[in-house]
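Participant: After the structure tokens below, expect a handful of questions from me.
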Amino acid sequence: MPELPEVQTVAQSLIDGQGLAKGIIGRTIARAQVEWPKTVADPDAAEFVRRIQGQTVTGVGRRAKYIRIDLSEDTLLVHLRMSGDLLLGEQEQPLGKFSRAQIYFEDGVQMSFDDARKFGRLWLVADPESVFAVLGPELLDDSIQPAAFHEMLASRNRQLKPLLLDQSFIAGLGNIYVDEALHAAQLHPLAASNSLDRAKSDELLAAIRQVLRDSIKANGSSIDWAYRGGEFQNKFNVYQKTGEPCLRCGTPIERIVVGQRGTHICPSCQKL
DNA sequence: ACGAGCGCCTGTCGGC
DNA sequence: TGCCGACAGGCGCTCG
């Protein structure tokens, strides 16, 4: 589920707090518990629980689709994958059915990692770069200039959609926002990356940034699992709009499969 | 280098 | 009502 805007929204909620629970910056971890050991990618669950105890949260941020929680000694990284969530609560508040790991702070706040499908992962590492090294550039700062983006596309010969989903190419996009961005830029998901001229490449980069910014502004999208009141799902133009008229030309939206992922296009606006 | 297929998991929904 | 397949926001692996 979560792509860059949803991950950003969850990270921000850890800073601001949720409901009655205050944010986590400055809090010290009294203890942690892991219900589903595979949730911890590195180190093993027992070492994770032992090492995290006593560390204090010094900062919270996001890199790609990872939530980054800086601690006094290590960095805690959280990847929500398809169904993960981080929930803050007052201690003694009952855990949800899908809670896979919990962190209990010294002063009554608890943080639960909930994840129905068990794909999400936690890392406790001395250096986050050990995990981040393989990631491509961020999309919302100035780390990609239009000329460089065009060169990145031109130097590969790949289908556009799988390339944009490849986190080592650019970091943060997922299935929803790729479909929305390709529709906005009027590009077919199977178009070859090296077939785009500079103008079209610029249009694509602008569309990606626009859709991400608009979604962050709406607190991301909420589908199946509620997300901080996210409202962007009400602004989808193609994602899960199969059969509905394209807002640009009226042609019914079609669902195809690209790279094993459900893909939504306007067959008139997005010609191959 | 690239793309397809599959595995990891559980829940929901539509069709019969 | 019950069962069964399809599908879901992600990503790592193998294979050709």
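No lab work stands behind these numbers, since they all come straight from the coordinates. All values derive from a computational prediction rather than experimental measurement. Every residue, glycine as well, gets a Cβ built from its backbone with ideal geometry; the counts of neighbours run over all protein chains shown.
Participant: Can you give me the number of residues within segment A:115-137 that are outside any strand (DSSP E or B), touching a His at 6+ places or on another chain (Cβ under 7 Å) and charged (D, E, K, R)? Give the steps one after another, and end with the answer.
Facilitator: Here is the first cut: in segment A:115-137, the ones outside any strand (DSSP E or B) are A:116-120, A:126-137.
Then drop every residue that is not touching a His at 6+ places or on another chain (Cβ under 7 Å), which leaves A:120.
Then drop every residue that is not charged (D, E, K, R), which leaves none.
Total meeting the criteria: 0.
Participant: While we're on this one: Return the pair list, or none, for Cβ contacts closer than 8 Å from residues in segment A:154-171 that are touching a residue at least 40 places away in the same chain (Cβ under 8 Å) to residues that are part of a loop (DSSP other than H, G, I, E, B) and of a type in the set (Asp, Glu), at least 6 apart or on different chains.
Facilitator: Within 8 Å, the pairs are A:Ala171/A:Glu138.
Participant: Taking the condition touching a Pro at 6+ places or on another chain (Cβ under 8 Å) and either over 19 Å from A:Leu14 (Cβ atoms) or not aliphatic (A, V, I, L, M) (or both), does A:Thr75 pass?
Facilitator: Working: touching a Pro at 6+ places or on another chain (Cβ under 8 Å): yes; either over 19 Å from A:Leu14 (Cβ atoms) or not aliphatic (A, V, I, L, M) (or both): yes.
The answer is yes for A:Thr75.
Participant: Separate question: Among (1) in contact with a Gly (Cβ under 8 Å, 6 or more places away or on another chain); (2) within 16 Å of DNA strand C (Cβ to nearest atom), which single condition is A:Ile69 missing?
Facilitator: (2)
Participant: I'm trying to understand the selection: among the residues of segment A:81-114, which are farther than 17 Å from A:Asp42 by Cβ, surrounded by 16 or more Cβ atoms within 10 Å (Cβ to Cβ), within 16 Å of DNA strand C (Cβ to nearest atom) and in contact (Cβ under 8 Å) with a residue 60 or more places away in the chain?
Facilitator: Correct list: A:Ser83, A:Asp85, A:Leu86, A:Leu87.
Participant: In addition: Can you tell me which residues in segment A:205-231 are touching a helix residue (DSSP H, G or I) at 6+ places or on another chain (Cβ under 8 Å), in contact (Cβ under 8 Å) with a residue 24 or more places away in the chain and more than 14 Å from DNA strand C (Cβ to nearest atom)?
Facilitator: A:Leu205, A:Ala207, A:Gln210
Participant: Give the residue that is surrounded by the fewest Cβ atoms within 10 Å (Cβ to Cβ), with candidates limited to residues of segment A:17-62 that are part of a helix (DSSP H, G or I) and within 16 Å of DNA strand C (Cβ to nearest atom).
Facilitator: Taking segment A:17-62 as the starting set, the residues that turn out to be part of a helix (DSSP H, G or I) are A:37-39, A:45-52.
Filter once more, so that each one left must be within 16 Å of DNA strand C (Cβ to nearest atom): A:38-39.
On the way: A:Lys38: 12, A:Thr39: 20.
Across segment A:17-62, the extreme among qualifying residues is A:Lys38.
Participant: Here's a follow-up. Any chance segment A:145-165 includes a residue that's away from DNA strand C (no atom under 16 Å from the Cβ) and in a loop (DSSP other than H, G, I, E, B)? Please lay out each step first, then the result.
Facilitator: Start the filter on segment A:145-165 by keeping residues that are away from DNA strand C (no atom under 16 Å from the Cβ), which leaves A:145-155.
Filter once more, so that each one left must be in a loop (DSSP other than H, G, I, E, B): A:145, A:155.
So far as segment A:145-165 goes, yes, one or more of its residues are away from DNA strand C (no atom under 16 Å from the Cβ) and in a loop (DSSP other than H, G, I, E, B).
Participant: Another question, if that's okay. Mind listing whichever residues of segment A:138-153 are touching a Pro at 6+ places or on another chain (Cβ under 7 Å) and in contact (Cβ under 8 Å) with a residue 60 or more places away in the chain?
Facilitator: Pass one, segment A:138-153, residues touching a Pro at 6+ places or on another chain (Cβ under 7 Å): A:143-144.
Result: A:Ile144, single match.
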